[in-house]
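**Q** Take a look at the following structure, please.
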Amino acid sequence: MNIEYTTTATCRPEVFERTLASFSSKLIGNNFKSSLLHLNVDPVPVANDAVEVLRVARRYFGSVNCNIPERPSFPAAVRWCWSQPSTDYFFHLEDDWEMTEPFALKDMVELMERHVGLSCVNLRAYVGARSKIDTRICLLPGLHRTRDAKVIASRLSLTANPEKQLRPITAENPEGGKQDPFIGTQVPMYPILRDIGREWLSKSGWEKDRQVYFTTWRKKKGPANDPIA
């Protein structure tokens, strides 16, 4: 089956290289070399070169459709990526996840085809309470039903974190509800992903502008900024 891929990235090619190396070896049945990647590279950190990220992508994928906006915006990146695919399914892969255990892509496809009400099948990243049955749409690496993802993308506001927009609408989260009525699931029952973005953030001199509500990135105050100012 022909499946396209989408990635939201920043200018950190070494992190992206680590991500793609792990998924190319552990996502069993992937066809990176004959697939199209829709890649959005937000221009941050500003001292780094987005073209280097594109070069990493081209080493793994057969073809790359790349968007480098003038200003970084996480919600705009997700909206652009999810609006691009033309195949029935696409695999969304942010640039800062490492796959730690093998899992078959065909098992994800078969799950989607057996359950037509599913809009996405995400790989699992967490243990404990967060590892229980979860029907939320989320941005963990995973397979998406293109027609549903495009509807969600069309609803996304550029003023709020997409992760918050994919949660129920409440008084505390007025931007939520963009995922209704779509649902997802996570596989397997144990975590097979490692978040390598937090490690990068702790050393980079950059931070999310509003933490869990973030839409873009800003420099931290203090000496940590000096190497990349």
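The values are calculated or read from the model by the stated rules, or taken from the named source; none is laboratory data. Predicted, not measured: the structure shown is a model, and the values here were computed from it. Counting neighbours? That spans all protein chains shown, and the Cβs are built from the backbone with ideal geometry, glycine included. Note: areas computed on protein heavy atoms with side chains; ligands, DNA, RNA excluded. Shrake-Rupley method; radii C 1.70, N 1.55, O 1.52, S 1.80 Å.
**Q** Test each condition in (1) within 11 Å of Ala9 (Cβ to Cβ); (2) within 16 Å of the chain's Cα centre (by Cα) for Val56 and report the one that comes out false.
**A** The number of the failed condition is (2).
**Q** Still on this structure: Cβ-Cβ below 8 Å, separation at least six or inter-chain, first residue in segment 154-181 and touching a residue at least 40 places away in the same chain (Cβ under 8 Å), second among the polar types (S, T, N, Q) and assigned to a loop (DSSP other than H, G, I, E, B): which pairs?
**A** Leu158/Ser73; Leu158/Thr215; Thr159/Thr215; Ala160/Thr215; Asn161/Thr215; Lys164/Asn173; Gln165/Ser157; Gln165/Gln179
**Q** So the check is Cβ under 7 Å with 6+ separation or different chains; which pairs have a first residue in segment 72-97 that's over 27 Å from Glu199 (Cβ atoms) and a second one that's open to solvent by 20 Å² or more (accessible area, probe 1.4 Å) and assigned to a helix (DSSP H, G or I)?
**A** Close Cβ pairs satisfying both conditions: Ser83/Lys150.
**Q** More than 30 Å from Asp180 (Cα to Cα) and modelled with pLDDT under 95, is that true of Ala57? Lay out the reasoning, then the answer.
**A** Working: more than 30 Å from Asp180 (Cα to Cα): yes; modelled with pLDDT under 95: no.
Here the answer is no, as Ala57 does not meet what is asked.
Let's see how each residue does on (1) modelled with pLDDT of 95 or more; (2) buried (at least 18 other Cβ atoms within 10 Å of the Cβ); (3) part of a loop (DSSP other than H, G, I, E, B):
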residue: Val151; (1), (2), (3): yes, no, no
residue: Ser154; (1), (2), (3): yes, no, no
residue: Ile169; (1), (2), (3): no, no, yes
residue: Glu175; (1), (2), (3): no, yes, yes
